[in-house]
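Please treat every number below as a calculation from the coordinates, not as lab data. Fair warning: this is a prediction, and the values are worked out from it, not measured in the lab. Using ideal geometry, Cβ is built from the backbone for each residue, glycine included, and neighbour counts are taken over all protein chains shown.
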Amino acid sequence: MKQKLLVALTAVALAAFGTQVQAQAAKAKTGKLSGDMVKVGVMNDMAGLYADIGGPGSVEAAKMAVADFGGKMFGKPIEVVAADHQNKPDVGAAKAREWFDTQGVDIIVDVPTSSVAIAVAKVANEKKRVFINTGAATKALTNEECNPYTVHYAYDTYALANGTGKAIVQTGGKTWFFLTADYAFGHALESDTAAVVKASGGEVKGAVRHPLSASDFSSFLLQAQSSKAQIIGLANAGGDTINSVKAANEFGLTKNQTLAGLLMFISDVHSLGLKTAQGMMLTDAWYWDANDETRKFGRRFFEKMKRMPSFDQAGVYSATLTYLKAVEAAGTDDADAVMAVIKKTKINDVFAKNGYVRADGRMVHDMYLMQVKKPEDSKYPWDYFQLKKVIPAEEAFQPLSLSKCSMVKK
Amino acid sequence: MSEIFGIPMQAFMGQLMLGLVNGSFYAMLSLGLAVIFGMLNIINFAHGALYMVGAFTAWLGLTYLGVGYWQGLLLAPLCVGAFGVLIERSMLHWLYKLDHLYGLLLTFGLALVLEGLFTNIFGVSGQPYTIPDELSGAFNLGFMFLPKYRAWVIVASLGVCFATWFMIEKTRLGAYLRAATENPSLTQAFGINVPVMVTLTYGFGCALAGFAGVLAAPAIQVSPLMGSNLIIVVFAVVVIGGMGSILGSILTGIGLGVIEGLTKVFYPEASSTVVFITMAIVLMIRPAGLFGKEK
């Protein structure tokens, strides 16, 4: 009896779910906007070790984009919603599913932490909704894991490795040792940088893998020290990078060896202070103090968040604006139509000049090699970076011919 | 150069030393937990947050009031201890008659509130606390380059651990404390004010967390999450040592720091799990922990 009831209930539930899905699909075809509104979902680490890179600042950036777009799409509202994925792929994927299935979210932006980004990209592909990633680094998003609905917007491990790795080897840093965060991102960054180092004539002496948000880095740094490598490549991010740099200073590594932050954000430098961070080389996708337009955006953001935007946050702004413009041009929020517009329109805004999205989903734009200023060279708050070199878009990212993405025609 | 299990002697000794430094932190934090559990039967999940508050108090003092490191080392634990007394009097106090679980839930909630508050105000990347001039620089031990500050951490925490152990095991006050733990109503019948002792014990436990926080401030970034990264390991230490055992938590803390340090040489990927593997093994062989007594 009980079993029969259960079967009946399940059948009813399935039937109800089926009609709901059909109804939604029908609406998207007839109406201009699904759910009579555009919903932008900002998903990232809201309170963990990456929260200062994106976090609530990214939500604010998305809201700024909506405001700059005019706040309405075809006279209908544009809403920004936010969620914390806690750096856990299962949490991120479940939230993405919920957003797409029941909340009518049209696009997800940000999503730092490579493992979560890959999980969300899979959901976006399955549900045929747009996913523009600005926060995660793994180049897998436009290689093995690429799909028609995912755009990788701000940077990736290839660009970081290519920028910082090549520049340092060229200036004489031939031998390398890696301190690597033990998950998808760290491994990708390490292997990409190691490849660049070897290709440029350098040598990799070894690597040590540390758990995410390790409480103490001294043991790992001691191993890096005994490797006698000239350069210690920090293939980690956020709080992990900060604590690595701090411990490296304390243990005197910086006297004989040079640290290379393979992924450093302006928030990390701010937190470390210039005294500790000075001289480090890093690859940046955007810097607030680059020109009048970026400065204006930076100050507007500062008004609200009391800190300058990271390149991830600026990327979220630009990605949201790009998406909204594409919906407007396509006349619908149907993901296929929007993606078609995104892939053939140049991106020109505060974040990128003449940027464009390739077949594999990679947004290609100039990158910047920066050096952290000495305390005495910093003239005003957040004056942290010295531009060493502009890496032209074509050189900065992996050539399309090398992409392992199945959508790229060979 | 001689080698141990394929690792150069030099690296091995270095890691042993660092294990000792981390172990000192574990020892001091688990000591506070053990004292609180032993006296109050409260599993103090707010311990990590109090450690963080200690570090932040020192940082705030230095940044805004010009209170130096040495004064901070004294004042911050006092503040955190006073805060602990406040928590005990206003909240925990009402839960003694109930199941352990309520105390655990309350303190866990407190930890979340504290971490949330500090994250909201200061962000997660943390604030730098510079090492005091007297302790900057390093000793060259031949096999490694040991920052003076880390050496000081070992000395200070072992000193505090020893003093606590001595006070509880060897003094009259400690005897009262132990008696009150064993049989509160009988102890009260002898004219000893047990509720006040309980309050002070909780305050003292919290002060120990605050002290550890100040010690940690110059070594790692002062960040709202510094406690939650550490607290789970510290709980494992307490369980391995035997809940409520003072000597147990000190020795286990140092021991596990060393085990963890060595794991970082042989198989770094496992360094975050080795403590829990040890815990599982110990609990299989001795369910009450290494130094715990079966009840």
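Normalising by the residue count of segment A:59-200, find the relative contact order in percent from Cα pairs under 8 Å and 6+ residues apart.
Numbers: 184 pairs, mean separation 24.4, N = 142.
For segment A:59-200, the relative contact order is 17 percent.
Over 19 Å between C-alpha atoms is what I'm after, so list which of A:Lys76/A:Lys325; A:Lys76/A:Lys296; A:Lys306/A:Lys389; A:Lys95/A:Lys122; A:Lys343/A:Lys388 land there.
Numbers: A:Lys76/A:Lys325 14 Å; A:Lys76/A:Lys296 29 Å; A:Lys306/A:Lys389 29 Å; A:Lys95/A:Lys122 13 Å; A:Lys343/A:Lys388 31 Å.
Violating the 19 Å Cα-Cα cut-off are A:Lys76/A:Lys296; A:Lys306/A:Lys389; A:Lys343/A:Lys388.
Would you mind pulling out the separation of the Cα centroids of segment B:204-236 and segment A:359-403, in Å?
Each part's Cα centre sits 37 Å from the other's.
Amide H to amide H, which residues 5 or more places from A:Leu259 or on other chains are under 5 Å from it, using H placed in the peptide plane?
A:Ile232
Would you mind getting the Kirkwood hydrodynamic radius of segment B:1-84 from its Cα pairs, rounded to one decimal in Å?
Across segment B:1-84, the inverse of the average 1/r is 15.4 Å.
Suppose we keep just the alpha-carbon trace of the protein assembly as shown; what are its Rg and Dmax in angstrom?
Calculated on Cα positions, Rg and Dmax stand at 27.6, 89 Å.
May I ask for the distance between the Cα centers of segment A:60-95 and segment A:141-159, given as a whole number of Å?
Value for the Cα centre distance between the two parts: 20 Å.
If one computes the Cα centroid of segment A:312-345 and of segment A:200-216, what distance in Å separates the two points?
After rounding, the separation between the Cα centres reads 37 Å.
Can you sort A:Val390, B:Val233, B:Val239 so the residue with the fewest Cβ neighbours within 10 Å comes first? Let's see the in-between values first.
Working: A:Val390 13, B:Val233 24, B:Val239 21.
Final ranking by Cβ density, sparse to dense: A:Val390, B:Val239, B:Val233.
Which whole-number percent gives the relative contact order of chain A, counting Cα pairs below 8 Å spaced six or more residues apart?
On the way: 823 pairs, mean separation 70.2, N = 410.
Once divided by the residue count of chain A, the mean separation gives 17 percent.
Could you derive backbone 3J(HN,Hα) for segment B:226-243 from the dihedral phi with the Karplus parameters 6.51, -1.76 and 1.60 (θ = phi - 60°), listing whole Hz in sequence and x where the residue is Gly or Pro?
Using θ = phi - 60°, the values come out as 4, x, 5, 5, 9, 5, 5, 4, 5, 4, 4, 4, 4, 5, 5, x, x, 3 Hz.
Helix B:47-60 versus the longest principal axis of chain B: what angle, 0 to 90°, nearest 10, using Cα atoms?
Value to nearest ten degrees: 70.
Can you give the angle from 0 to 90° between the axis of helix A:89-98 and the longest principal axis of chain A, with both taken from C-alpha atoms, to the nearest 10?
Tilt relative to chain A: about 30 degrees.
For chain B, what D do you get in µm² per second when you plug the Kirkwood radius from alpha-carbon pairs into Stokes-Einstein at 37 °C and 0.692 mPa s?
Values: Rh = 19.7 Å.
Diffusion coefficient, whole number: 166 µm²/s.
Quick one: what do you get for chain A if you divide its Cα Rg by 2.2 N^0.38 Å? Display every interim value, and only then the final one.
Details: Rg = 22.1 Å, N = 410, 2.2 N^0.38 = 21.6 Å.
That ratio works out to 1.02.
In peptide A:206-218, what is the residue-averaged number of other protein chain Cβ atoms found within 10 Å of each Cβ? Each step should come with its number before you reach the end.
Details: counts 0, 1, 5, 4, 5, 8, 2, 5, 5, 14, 15, 3, 14.
So the per-residue partner count for this stretch is 6.
Averaging over every viewing direction, what projected area does the convex hull of the Cα atoms of segment A:218-371 cover, in nm²? Show your work: numbers first, answer last.
Numbers: hull surface 44.7 nm².
Projected over every direction and averaged, the Cα hull of segment A:218-371 covers 11.2 nm².
Choose one answer from B:Leu16, B:Leu78, B:Leu117: the residue with the largest mean-square fluctuation in a GNM of chain B with alpha-carbon springs under 10 Å.
The residue with the greatest mean-square fluctuation here is B:Leu117.
List the lysines whose Cα lies under 23 Å from the Cα of A:Lys228, skipping any in the same chain that are fewer than 8 positions away.
Straight-distance partners of A:Lys228: A:Lys166, A:Lys174, A:Lys198, A:Lys205, A:Lys246, A:Lys255, B:Lys148, B:Lys264.
Give me B:His93, A:His187 sorted ascending by neighbouring Cβ count inside 10 Å, so fewest comes first.
Working: B:His93 14, A:His187 18.
With the sparsest Cβ surroundings first, the list reads B:His93, A:His187.
I'm checking a number: the convex hull volume of the Cα atoms of segment A:191-289, normalised per residue, in Å³. What is it? Please list the in-between numbers first.
Details: hull volume 11.1 nm³, N = 99.
Taking the convex hull of the Cα positions in segment A:191-289, it is 112 Å³ per residue.
What's the percent breakdown of Cα-Cα distances in segment B:85-146 across 5 Å bins, shortest bin first?
3, 13, 13, 12, 9, 10, 10, 10, 10, 7, 2, 0
For chain A, find the longest principal axis of its Cα atoms and tell me its angle to the long axis of helix A:2-30, 0 to 90°, nearest 10.
Between helix and principal axis, roughly 80 degrees.
Peptide A:236-244: average number of partner chain Cβ atoms within 10 Å per residue?
Numbers: counts 0, 0, 2, 9, 0, 1, 6, 7, 0.
Going residue by residue through A:236-244 and averaging, the value is 3.
Given the rule -39500 (n - 2.57) for each run of at least 4 DSSP H residues, summed and divided by the residues of chain B, what is its mean residue ellipticity at 222 nm, to the nearest 500 deg cm²/dmol?
On the way: 11 runs with 201 residues, N = 295.
The helix contribution divided over chain B gives -23000 deg cm²/dmol.
Shielding by partners for B:124-137, please: the mean number of other protein chain Cβ atoms within 10 Å of each residue's Cβ.
On the way: counts 14, 17, 8, 2, 8, 1, 3, 2, 0, 0, 0, 0, 1, 1.
Shielding by partners across B:124-137 averages 4.
Counting only C-alpha contacts under 8 Å and six or more residues apart, can you give the relative contact order of chain B as a whole percent?
Values: 462 pairs, mean separation 110.0, N = 295.
In percent, rounded to a whole number, it is 37.
Counting pairs of Cα atoms in segment A:87-136, how many percent are more than 13 Å apart?
On the way: 566 of 1225 pairs.
Everything past 13 Å amounts to 46 percent.
Does a label point 7 Å from the Cα of A:Lys174, set along Cα-to-beta-carbon, have any residues of segment A:202-246 with amide nitrogen under 20 Å, and which are they?
Residues passing the 20 Å test: A:202-207, A:225-233.
Taking amide H atoms as placed 1.01 Å from N in the peptide plane, list the residues 5 or more away in sequence, or in a different chain, whose amide H sits under 5 Å from that of A:His210.
A:Thr180, A:Ala181, A:Asp182
Have a look at the DSSP beta bridges in the protein assembly as shown and tell me what percent are antiparallel, nearest 5. Don't skip to the end; give the middle numbers.
On the way: 21 of 57 bridges.
Restricted to the protein assembly as shown, the bridges split so that about 35 percent are antiparallel.
Okay, helix-only estimate at 222 nm for chain A: each DSSP H run of n ≥ 4 adds -39500 (n - 2.57), divide by all residues, round to 500 deg cm²/dmol; what do you get? Please report the intermediate quantities before stating the final value.
Values: 16 runs with 176 residues, N = 410.
Result for chain A: -13000 deg cm²/dmol, rounded to the nearest 500.
What residues have an amide H closer than 5 Å to that of B:Val222, excluding those fewer than 5 places away on the same chain, when H is modeled at 1.01 Å from N in the peptide plane?
Hits under the 5 Å cutoff: B:Gln127, B:Tyr129.
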